[in-house]
Amino acid sequence: MTELSADVVVVGAGPAGLAAAVAAAEAGAHVILTDEQPAPGGQIWRQPWDAQPPAPSRELWRRAEHRGVRLLPETAVFGVQEARCLRAASPGGAVTIRAGAIVLATGALERMLPFPGWTLPGVFAAGGIQALAKSGLEVAGKRIVVAGSGPLLLAVAAFLKRQGAVVLGIFEQAEAMAVARFAGSLLLHPGKLRQAAALLGELTGIPGHHSAWPVRAEGTGWLERLTVRVGDQEQSFELDFLACSFGLVPVTGLAELLGCRVESGAVVVDRQQRTTVPAVFAAGEATGIGGVDSAVIEGAIAGAAAAGSMDPAPSLDRRRNREQAFARRLALAFRLRPELKALCEADTIVCRCEDVRFGALIRYGDAREARLATRCGMGPCQGRMCGPALNFLRGWPLPRPALPLIPVTARALVTDATDRTASATFFRES
Amino acid sequence: MPEMVRLVVDGLELQVPAGITVAAALLNRRLVARRSVGGEPRAPLCGMGSCFECRATVDGRPHTRTCMVRVRNGLDVRTDD
Ligand SMILES: Cc1cc2nc3c(=O)[nH]c(=O)nc-3n(C[C@H](O)[C@H](O)[C@H](O)COP(=O)(O)OP(=O)(O)OC[C@H]3O[C@@H](n4cnc5c(N)ncnc54)[C@H](O)[C@@H]3O)c2cc1C
Ligand code: FES
């Protein structure tokens, strides 16, 4: 059977996971780095299908390779066999990975809020359309509206414009004052301020609105028309694509399966990025939404700690504290306004896996009852989409992860990749 | 011009650039990945493996997230998932 082992196993090869793998390997540990995506980089450093990966990702990966980090791409950790022993699905079959210590760097996903028509093909998550465009979706010449909330909207709009899309407008639900205050606080972070200024420069010519959000998407079979509310006015657009999401939510399923404490949706960690479970560390967006700078710092601390270094370097510690203050201001500036709860109508589908409508859910008193009665959140996505929405709409707790985290064949659950040579040639050896 | 590969979707042959994902290939032809429980057409949403709206049967493997699979010559995709 295929069993791998390493001193430190890092799950997730985004900025946090790459930084963790490098720090652990540079501290002398033998490191395995797994990611379900075909290439390292995570969300922000996702490699375009026809181009080089971004420079910071290349640089970290070069250091990782130099220290013998073994990357397992297309390898999704779907379960936990016993303490510090993970089960993963790879194209070669299922593998068991034993770890001296684990670093969880599983990142975040986008919060989607249901509104009439949001299930139409052509409606994407904001980072989602960016990811799909980087993997070959043609966006040049397409008319696209960017809506929802958070700085990600600006990054996505600028990306789409660079790809030749016609960005019709950016609609941010937060108030102009809140965003202006947040922008002002960037004076404390000169690096981020420079990036924000560059981004705004790129967006010149694209209408931007605050206190604005989508209310209705329409079309026969595909998205054709979108209505947005700006203050007390409605505007309609003919368009090809909508890119829409309302902030990010930490990915905590694997941490929960391992028994780590999760509070307010994020994995709880201490100064060394230790979770509440011995020898399990976490870093990056999984521990709270803070952006790429904080992901890299936390990853470096977690990787070194997982390899046995005692205290975080004081300079990293200071930088992390500053990033955490930034994260708190970010959450405050872009918190969701209560009016968004009225977007979802009784016949709006909330659970896309099981086609459960809002009206069917609100008959029930609590989340458990509603989920059991309607199967809401029990499809293959395990509530990753409807969970964060219902958390906002109804205050329902996020659904608990179930084994396996992703659908795998019954064979993968019980057996392993039998052909050792086949899987060994698949895994890119470093 | 990038190298092209042949993809078979529900028996229909498509020539698509090597290296793109199956999800992108379907979207570029406005082909939907699946029908929902209630019969609605659905297409990829998250692009990163969490929503499962892009799932299809790929080379006989059901429930495959097509946003995570790169096209290969002769890859067989069925949107009956
Ligand atoms: C869709 C999306 C797009 C984004 N785009 C931008 C952007 O353009 N600019 C910006 O500033 N910020 C962006 N962000 C914010 C971004 O999350 C952070 O800036 C940064 O990527 C966080 O780094 P991370 O390492 O914590 O997580 P991520 O970069 O999200 O990396 C997590 C990695 O873990 C992997 N993973 C998760 N679970 C498993 C598992 N069970 N098994 C195997 N692998 C697993 C994922 O495949 C992923 O590669 C985006 C976020 C999302 C969700
Ligand atoms: S598009 Fe969401 S899982 Fe593929």
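The values are calculated or read from the model by the stated rules, or taken from the named source; none is laboratory data. Note that this is a predicted model, so its numbers are computed, not measured. Using ideal geometry, Cβ is built from the backbone for each residue, glycine included, and neighbour counts are taken over all protein chains shown. Only protein heavy atoms, including side chains, enter the accessible area calculation; ligands, DNA and RNA are left aside. Shrake-Rupley method; radii C 1.70, N 1.55, O 1.52, S 1.80 Å.
Applying the selection to region B:23-81, what residues are under 22 Å from A:Ala89 (Cα atoms), among the basic types (Lys, Arg) and away from ligand 1 (no atom under 16 Å from the Cβ)?
If the condition is that a residue be under 22 Å from A:Ala89 (Cα atoms), among the basic types (Lys, Arg) and away from ligand 1 (no atom under 16 Å from the Cβ), then B:Arg55, B:Arg61, B:Arg72, B:Arg78 are the ones that fit.
Within region A:217-316, considering only strands (runs of 3 or more DSSP E) that don't extend past its boundaries, which have at least 3 residues that are within 22 Å of A:Ala389 (Cα to Cα) and in contact (Cβ under 8 Å) with a residue 12 or more places away in the chain?
A:225-230, A:241-246, A:248-250
Sort through A:Ala180, A:Ala176, A:Ala155 and tell me the only one that's open to solvent by 10 Å² or more (accessible area, probe 1.4 Å), more than 15 Å from ligand 2 (Cβ to nearest atom), closer than 25 Å to A:Cys344 by Cα and of a type in the set (Gly, Ala, Ser).
Matching residue, one of A:Ala180, A:Ala176, A:Ala155: A:Ala176.
Go through region A:250-266 and give me each residue that's aliphatic (A, V, I, L, M) and within 9 Å of ligand 1 (Cβ to nearest atom).
A:Val251, A:Leu254
Go through region B:51-81 and report how many residues are within 10 Å of chain A (Cβ to nearest Cβ) and more than 10 Å from ligand 2 (Cβ to nearest atom).
6
Can you name the number of the only condition in (1) under 30 Å from A:Leu152 (Cα atoms); (2) part of a helix (DSSP H, G or I) that A:Ala39 fails?
The number of the failed condition is (2).
Please count how many residues of region A:81-123 are more than 30 Å from A:Arg335 (Cα to Cα) and open to solvent by 10 Å² or more (accessible area, probe 1.4 Å).
13
Only one of A:Ala55, A:Ala20, A:Ala13, A:Ala24 is more than 16 Å from ligand 2 (Cβ to nearest atom), farther than 21 Å from A:Ser90 by Cβ and buried (at least 18 other Cβ atoms within 10 Å of the Cβ). Can you tell me which?
Exactly one residue qualifies, and that residue is A:Ala24.
Which residues, counting only those in region B:30-50, are within 16 Å of A:Val123 (Cα to Cα) and more than 7 Å from every other protein chain (Cβ to nearest Cβ)?
Within region B:30-50, B:Leu31, B:Ala33, B:Arg34, B:Arg35 meet the criteria.
Taking A:Lys134 and the conditions (1) in contact with a Pro (Cβ under 6 Å, 6 or more places away or on another chain); (2) within 12 Å of ligand 2 (Cβ to nearest atom), which numbered condition does it fall short on, given that it satisfies the others?
Failing condition for A:Lys134: (2).
Do we have any residue at all in region A:71-80 that's within 16 Å of ligand 2 (Cβ to nearest atom), at positive phi and crowded, with 20+ Cβ neighbours inside 10 Å?
yes
Quick one: which of A:Arg375, A:Arg363 is touching a strand residue (DSSP E or B) at 6+ places or on another chain (Cβ under 9 Å) and at pLDDT below 95?
A:Arg375 is the lone residue from the list that is touching a strand residue (DSSP E or B) at 6+ places or on another chain (Cβ under 9 Å) and at pLDDT below 95.
Among the listed residues A:Gly141, A:Gly150, A:Gly93, identify the single one that is small (Gly, Ala, Ser) and closer than 23 Å to A:Gln43 by Cα.
The match here is A:Gly150.
Does A:Ala140 satisfy being under 20 Å from the mean Cα position of the chain (by Cα) and closer than 30 Å to A:Arg216 by Cβ?
no
What strands (runs of 3 or more DSSP E) lie completely within region A:49-168 and have 1 or more residues being modelled with pLDDT of 95 or more, among the basic types (Lys, Arg) and more than 16 Å from A:Leu242 (Cβ to Cβ)?
Passing ranges, in order: A:70-72, A:85-90, A:93-104.
Answer yes if at least one residue in region A:58-67 is away from ligand 2 (no atom under 16 Å from the Cβ) and either within 14 Å of another protein chain (Cβ to nearest Cβ) or among the β-branched types (Val, Ile, Thr) (or both), and no otherwise.
Scanning region A:58-67 turns up no residue that is away from ligand 2 (no atom under 16 Å from the Cβ) and either within 14 Å of another protein chain (Cβ to nearest Cβ) or among the β-branched types (Val, Ile, Thr) (or both).
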